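**Student:** Dumping the structure here so I can ask a few things about it.
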Amino acid sequence: MKIIVTGAGKVGYTVAEQLAEEGHDITIIDSSHDKISKASDDLDVISIEGNGASLELLDEAGVRTADMLIAATGSDEVNMICCMAARKLGTKYTVARIRSPEYYGQSDFLQETMGLSMAINPDLEAAAEISRILQFPSATSVETFSHGRVDLVTYHVPEGSDLDGLRLKHLGVRYKAKVLVCAVERGEEVLIPNGEYKIRSGDSISIAGPQPELRSFFMNVGAYKKPVHSVIIMGGSRIAIYLTKLLSAAGIGVTIIERKADKCDVLAELLPKAKIILGDGTRRDLLMEEGLKNADAFVALTGYDEDNIIISMYAGMLGVGKVVTKVNEEHFSEMLDKTSLDSIVCPKLLVAQQITRYVRAMQNATGSNVETLYRLVDRRVEALEFNVSEASRCAGHTLRELQLKPDMLIAAVIRGGKSMIPDGHTQILPGDKAIVVTTNSGLNDFDSIIED
């Protein structure tokens with residue numbers, strides 16, 4: 001697809017990078033000379049310096065024949081203007097990054113009146129991701145499919161675990177849970193395992209199943225963590241606001257520590273159920289005073305990656321049950337994945353993931369297209385949810401009859417609102433939702449999982 005990205009900041013750059021890797025024809029626009037130079041030097045894209053809301057510049061970038069424009073500047077208003085102009089000039093699809101709660105709350109109206117195909121909010125995406133992790137604290141990450149009917153969770157197998165040496169084909173019977181290990185990271189190796197694979201301590205395993213079955217598995221394997229009832233958040237950002245609303249709705253108590261007085265006033269007004277503390281969350285005495293040792297969870301959400309990392313490590317040292325760390329720089333995320341830090345969230349990667357899913361769906365709008373997409377293990381594994389269409393070559397066949405390509409696994413099937421962990425006798429039917437886990441990238445149609 002021919003795609004124009006306006007804004008070469010954290011989100012725009014990451015989106016352009018990942019879409020270029022998938023083989024799309026990308027043009028990126030930004031008014032910053034340094035950002036455009038970096039994009040030009042590092043990415044396989046066309047870089048244009050200038051104002052992405054300028055009709056003349058959009059025309060120069062080929063907006064009249066573009067398949068999609070993604071507006072990811074730092075201004076919601078500029079993003080909406082870019083999308084509106086692109087639609088008027090002929091672009092088929094437009095995606096806008098909109099961070100303001102006021103604007104995002106009117107996204108349906110904006111999509112209708114401005115012709116937006118999709119509005120995406122990095123802060124809300126990050127808050128939703130953190131909320132899922134806190135509501136399933138046994139896992140380091142939690143990805144949800146089909147409105148919560150199936151979860152895909154990541155678990156690091158510790159030294160001395162009962163799982164050490166277990167063949168995967170015996171896992172379900174021994175631990176009395178209908179779950180499936182879909183991917184394994186061992187050292188630098190990542191693979192889609194079969195039933196003969198032996199789990200080892202130190203493995204990072206991705207496990208699929210309905211949440212009750214996953215909870216049963218973690219309880220039986222001795223890795224279950226008690227539900228979170230109290231959370232301390234460091235940093236009163238937009239993510240903190242969205243997250244607190246989600247947690248309060250779930251009956252979880254929230255304390256926010258914020259160092260700026262004016263922000264504290266806003267937080268107190270917006271979040272009447274939360275406890276708002278004015279102070280420096282990097283100070284040990286304040287953390288102790290607010291009961292960090294006894295908190296069920298700690299979430300670091302300041303704008304400084306270094307502060308988030310250091311205080312998260314300290315919270316982990318104190319034995320806080322669940323620690324979630326937000327980082328903005330992807331290289332931090334990659335390095336910290338190998339450390340003792342519990343769960344790491346990078347908002348720009350979440351946005352890139354959502355936009356990539358949408359692009360793939362638009363590439364194949366009439367077939368068995370992608371409904372959900374998650375990238376795992378430093379983007380080396382993809383988990384995709386497909387709608388199975390009447391025309392699918394897989395429909396009507398059992399898994400035993402389908403010759404899947406290497407490194408492909410059907411992890412779950414959802415039918416009539418009910419989920420199942422499939423076996424060789426499971427038949428794929430039109431209307432099913434199928435969750436595929438693979439180390440191959442770029443899938444946009446369910447039929448592409450089988451050999452031609």
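**Student:** Roughly how far apart, in whole Å, are the Cα centres of segment 9-24 and segment 157-215?
**Tutor:** Each part's Cα centre sits 32 Å from the other's.
**Student:** A follow-up question, please. Can you pull the percent of Cα pairs in segment 225-357 with separation above 17 Å?
**Tutor:** 57 percent
**Student:** Under the Kirkwood approximation for Rh and a Cα-based Rg, what ratio Rg/Rh is obtained for segment 1-148?
**Tutor:** Answer for segment 1-148: 1.01.
**Student:** Quick one: check the C-alpha center-to-center distance for segment 291-317 versus segment 30-70, whole angstrom.
**Tutor:** Computed from Cα coordinates, the inter-centre distance equals 38 Å.
**Student:** Using label points projected 7 Å from each Cα along Cα→Cβ, tell me how many nm separate His147 and Glu269, to one decimal.
**Tutor:** 3.6 nm
**Student:** Taking the Cβ-Cβ separation of Tyr224 and Arg167 as r and a Förster radius of 35 Å, what is the calculated FRET efficiency to the nearest 0.05?
**Tutor:** The calculated FRET efficiency here is 0.95.
**Student:** Please give the calculated 222 nm ellipticity per residue for the chain, where each DSSP H segment of at least 4 residues contributes -39500 (n - 2.57) and the sum is spread over every residue; nearest 500 deg cm²/dmol?
**Tutor:** Mean residue ellipticity at 222 nm (helix-derived): -9500 deg cm²/dmol.
**Student:** Measuring from a point 7 Å past the Cα of Glu22 along Cα-to-C-beta, which residues in segment 58-74 have an amide N at less than 19 Å?
**Tutor:** Only 66-73 pass the distance filter.
**Student:** Among Leu271, Gly209, Asn308, whose Cα projects farthest towards the positive end of the dipole of the chain, with charges put on the beta-carbon of Lys, Arg (+1) and Asp, Glu (-1)?
**Tutor:** Gly209
**Student:** Given contacts defined as C-alpha pairs under 8 Å and at least six residues apart, what's the relative contact order of the chain, whole-number percent?
**Tutor:** Computed value for the chain: 11 percent relative contact order.
**Student:** Another question about this same structure. Based on the mean of other beta carbon atoms within 10 Å per residue, what is the order of 46-55, 194-203, most packed first?
**Tutor:** 46-55, 194-203
**Student:** Can you give the accessible area per residue of the chain, in Å², using a 1.4 Å probe?
**Tutor:** I get 43 Å² per residue for the chain.
**Student:** Using the Kirkwood radius over C-alpha pairs as Rh, can you work out the diffusion coefficient of the chain via Stokes-Einstein at 4 °C, viscosity 1.567 mPa s, in µm² per second?
**Tutor:** 56 µm²/s
**Student:** For the chain, which whole percent of the accessible surface, found with a 1.4 angstrom probe, sits on carbon and sulfur atoms?
**Tutor:** 49 percent
**Student:** How big is the antiparallel share of DSSP beta bridges in the chain, given as a percent to the nearest 5?
**Tutor:** Bridges in the chain that DSSP calls antiparallel: roughly 50 percent.
**Student:** How far apart, in nm, are the 7 Å Cα→Cβ label points at Glu196 and Ile450?
**Tutor:** 2.6 nm
**Student:** Turning to a different aspect of this structure: How large are Rg and Dmax for segment 211-301 when only the alpha carbon atoms are used, in Å?
**Tutor:** Answer for segment 211-301, Rg first and Dmax second: 14.9, 48 Å.
**Student:** Could you name the lysines whose alpha carbon sits less than 22 Å from that of Lys178, not counting residues in the same chain fewer than 8 places away?
**Tutor:** Candidates past the 8-residue exclusion: Lys169, Lys198, Lys225, Lys226, Lys418, Lys433.
The values are calculated or read from the model by the stated rules, or taken from the named source; none is laboratory data. This structure is a prediction, so every number in the text was calculated from the model and none was measured. With ideal geometry, Cβ positions are generated from the backbone for all residues, glycine too; neighbour counts draw on all protein chains shown. To get the accessible areas, we keep the full protein, side chains included, count just its heavy atoms, and leave off ligands, DNA and RNA. Shrake-Rupley method; radii C 1.70, N 1.55, O 1.52, S 1.80 Å.
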